[in-house]
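Values quoted throughout were computed directly from the atomic coordinates according to the rules given, and no laboratory measurement underlies them. None of these values were measured; they are calculated from a predicted model. Heads up, the Cβs are rebuilt from the backbone with ideal geometry, glycines too, and the neighbour counts pull from every protein chain shown.
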Amino acid sequence: MTERAVPVRAAVIVVAAGSGTRLGMATPKAFVEVGGRTLLQRAVESAAGAKTISRVVAVVPRELVERATLILTECLGAQSEWNVVVGADSRFRSVAHGLESLSPDFDVVLVHDAARALAPSAVFDDVVNAVVASGDGVVASLPVVDTVNFIDSSGMVTRPVDRTTLAIMQTPQGFPRADFAEAYVRADQPDYTDDAAVFTAAGFVVRTVAGDSASFKITTPDDLVRAESVVTAANAFGVTGVIGADAQLRVGTGVDTHAFTDDPKVPLTLAGLSWPGERGLSGHSDGDAVAHAVCDALLAAAGLGDIGGVFGTDDPRFAGASGDVFVTHAVHLVREAGYEPVNVSVQIVGNRPRLAARRGEAESVLSSWVGAPVSVSATTTDGLGFTGRGEGVAAIATALIRARPRR
């Protein structure tokens, strides 16, 4: 008879003991409100919402222990294990206080900054699962998308940096409990900027998992405005509870153009419909500019590139392929990336074909492909440009997607 595995117990230390002077508020940063709730409350709710987390430890300034206790009592109550710990004069020592408060039966310890109050609960689960699977430290991170250069003391650019070797570190950061405690014993300086640095300095390995753009750090007044806008947008779309994976919204834009062909044998396919009697559009596939723009918008929203990069404009497998092949596969990729379409809006730019009589039909077909409402409109350019001259058709699509709750 196979022995049942003992469930892993994971705790998260939410660091909320900083003053947050760069935020320009009289109140310590973790106790500043966003959308009517403090950053501390949002952070601990996100942590407690993770399926793998058994205990939340909030580390706060001594003078705010009572207030923090009231906050955690109100938002977590008896539904979660939690405790409040007095912080210290540095992040390093504050984490050490939180670690000391944990009983020995926790196998994994995560550290999370209350300043990253909108981090999705699912990221906590991803970090815990990766720690368990690898036995190493694990950090939620994002790729560097901006160009990065070295500069000299005068501010002159000297040479570029290969950004594929760089990553932006976020929290939560997770570690095997025993190794993490050992790393804190070995630490020879109290000014490490994060716990991954403490862990690697002790000779342990740190890996990364995908972070989340919602996990941005609220440090300056501009960050606070951004956080307010995220919460406001979530509320506008009827999202309740923790701002996390199930509340994250992304928008993508796609544009596609195709020229009319002179070959009378090529039929016109546009917006998923056949248009008898109309000139066809040239292209490697069926030339459905609407379907291709929708595809690009969905891929862009999920950060997956574009139709050319995903499918290959010269790939023989897609020669003559219909628009549903591209759109349904794009939706599949979006879902694999952890998102789902909310709606898509697409506008056709051109003199022909006339959309009005078949708008509902086009919207029905495209919506069935996307699995969400698709609205279609059309306009002309008053005779200007290639569309105005009747040389082709353009389509502009905007897709709204949201992160799917992780089971």
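Overview of values
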quantity	calculated
Residue with peak Gaussian network fluctuation, the chain [Cα springs, cutoff 10 Å], from Gly392, Gly272, Gly360	Gly360
Value at 222 nm in deg cm²/dmol, rounded to 500, when DSSP H runs of n ≥ 4 in the chain each add -39,500 (n - 2.57)	-9000 deg cm²/dmol
Pair Ser377, Ser154: separation of 7 Å Cα→Cβ label points (nm)	5.3
The stretch 59-133 versus the stretch 368-397: alpha-carbon centroid distance in Å	51
Selection from Ser134, Met156, Leu110 lying farthest towards where the dipole of the stretch 108-196 points positive, charges on Cβ	Met156
Geometric extent, Cα atoms of the chain - Rg, Dmax (angstrom)	26.0, 80
Convex hull (Cα only) mean projected area of the stretch 253-407, reported in nm² to one decimal	8.9
Added length on full extension, which subtracts the Cα-Cα distance from 0.36 nm per residue, Leu142 to Glu278	44.2 nm
Share antiparallel - DSSP beta bridges, the chain, percent rounded to 5	55
Total charge dipole magnitude, the chain, about the Cα centre, Cβ charges on Lys, Arg, Asp, Glu only, Debye to nearest 20	560
Inter-label distance for Glu81 and Asp105, nm, one decimal - labels placed 7 Å from Cα along Cα-to-Cβ	0.6
Hits among lysines - C-alpha to C-alpha of Lys51 under 25 Å, sequence gap 8 or more where chains match	Lys217
